[in-house]
1. Filter the stretch 94-117 for residues that are surrounded by 10 or more Cβ atoms within 10 Å (Cβ to Cβ) and polar (S, T, N, Q) and give the result.
2. Restricting to the stretch 46-71, name every residue that is touching a residue at least 60 places away in the same chain (Cβ under 8 Å) and outside any helix (DSSP H, G or I).
3. Got at least one residue in the stretch 87-109 being in contact with a Gly (Cβ under 7 Å, 6 or more places away or on another chain) and not β-branched (Val, Ile, Thr)?
4. Looking only at residues that are more than 28 Å from the chain's Cα centre (by Cα) and not small (Gly, Ala, Ser) in the stretch 118-136, which one is farthest from residue 215 (Cα to Cα)?
5. So residue 211 fits all but one of (1) modelled with pLDDT under 85; (2) exposed (fewer than 13 other Cβ atoms within 10 Å of the Cβ); what number is the exception?
6. Does any residue of the stretch 186-202 turn out to be in contact with a Gly (Cβ under 9 Å, 6 or more places away or on another chain), part of a loop (DSSP other than H, G, I, E, B), at pLDDT 65 or above and not assigned by TED's automatic domain parsing to the domain that holds residue 64?
7. Within the stretch 117-155, restricting attention to residues that are assigned to a strand (DSSP E or B) and among the charged types (D, E, K, R), which residue is farthest from residue 174 (Cα to Cα)?
8. Collect the residues in the stretch 124-163 that are more than 18 Å from residue 183 (Cβ to Cβ) and touching a residue at least 12 places away in the same chain (Cβ under 8 Å), keeping them in residue-number order.
Amino acid sequence: MRGPLVQILANMATDADDGDGRQFATMESAVRAAMLKLPIALRVKIALANLRGGDLSQGIILKQLAEWFGGGLHAATKTPEFAEALLEEIRQKQSTTWVKATTIRQVQKTEWTNQELQYWTARHYTNKFMVVLGEAVDSEGTFAVAGVEPPPFTELLASITLATMNRTGGTTTTAHKPGDKVMMTFSSGAATSGHTTGIDWTNIGNVGDTFYGLFYKDKPATGLTPGFIKDAVYYAMWPVSEFGSGWASAD
């Protein structure tokens, strides 16, 4: 599928220009421009068309997606159609049993009463927090804790979006001083789970999702406390009336 499509794009781009009336310098640049004009869902489908089994890893998926999205991949991952297309493409590459068990079905619309709707909320949990350093207690870089604050997150991102962010390696040698804020992670070892790890890239998982907990009257709606919030120290909360369409799983 991929080869013929590239040839079609090449034919389409033969007489094309870059939008300013200038002819493309090479056929490759013309094809690239034509590719980037295809619908997002179609580009996701084409990018993953030849991937199977062990090829559905984070590195290979990102490489294929970058080929069809170029520098616009990060922004594209934030669109609902991208997440839906990615999840569906990975789902369709699983076993027949898995595909049947995860078939998406439309739920019959239910009219909510204002009295009932007010009790439903969605929460997003994190085990990240900021420690405000107090006075140094020794010469080895140990500080007293002057305070604890929520992490400075400004948006919630799906796993695929986080994976496309530019990351720099190495460590910093800047010495801390009183008043500095340091991001830390709380972990008691209780929240062990197969979620949000590499396994999700090969078994649908959460690559296009952001985890929320659904609550009813301030208690988990399923009656069970999800494992991913057992080590949480902060959460953000929204009334469900602020959400549009979505899907929920029992875990």
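The values are calculated or read from the model by the stated rules, or taken from the named source; none is laboratory data. For clarity, every value in this text was computed on a predicted model and none was experimentally measured. Heads up, the Cβs are rebuilt from the backbone with ideal geometry, glycines too, and the neighbour counts pull from every protein chain shown.
1. Listed by number, the residues that qualify are 94, 102.
2. Listed by number, the residues that qualify are 56, 57.
3. Step one: of the stretch 87-109, the residues in contact with a Gly (Cβ under 7 Å, 6 or more places away or on another chain) are 87.
Now restrict to residues that are not β-branched (Val, Ile, Thr): 87.
Looking for residues that are in contact with a Gly (Cβ under 7 Å, 6 or more places away or on another chain) and not β-branched (Val, Ile, Thr), one finds at least one in the stretch 87-109, hence yes.
4. So the first thing to find is which residues in the stretch 118-136 are more than 28 Å from the chain's Cα centre (by Cα), and the list is 118, 132-136.
Remaining after also requiring not small (Gly, Ala, Ser): 118, 132-133, 135.
Details: 118: 11, 132: 31, 133: 35, 135: 41 Å.
For the stretch 118-136, the residue satisfying everything is 135.
5. Looking at each condition in turn, residue 211 falls short on (2).
6. Within the stretch 186-202, not a single residue is in contact with a Gly (Cβ under 9 Å, 6 or more places away or on another chain), part of a loop (DSSP other than H, G, I, E, B), at pLDDT 65 or above and not assigned by TED's automatic domain parsing to the domain that holds residue 64.
7. So the first thing to find is which residues in the stretch 117-155 are assigned to a strand (DSSP E or B), and the list is 120-126, 128-136, 143-149.
Subset that is among the charged types (D, E, K, R): 123, 128, 135, 149.
Values: 123: 36, 128: 22, 135: 17, 149: 22 Å.
Taking the candidates together, the pick is 123.
8. The answer is 135, 136, 158, 159, 160, 161, 163.
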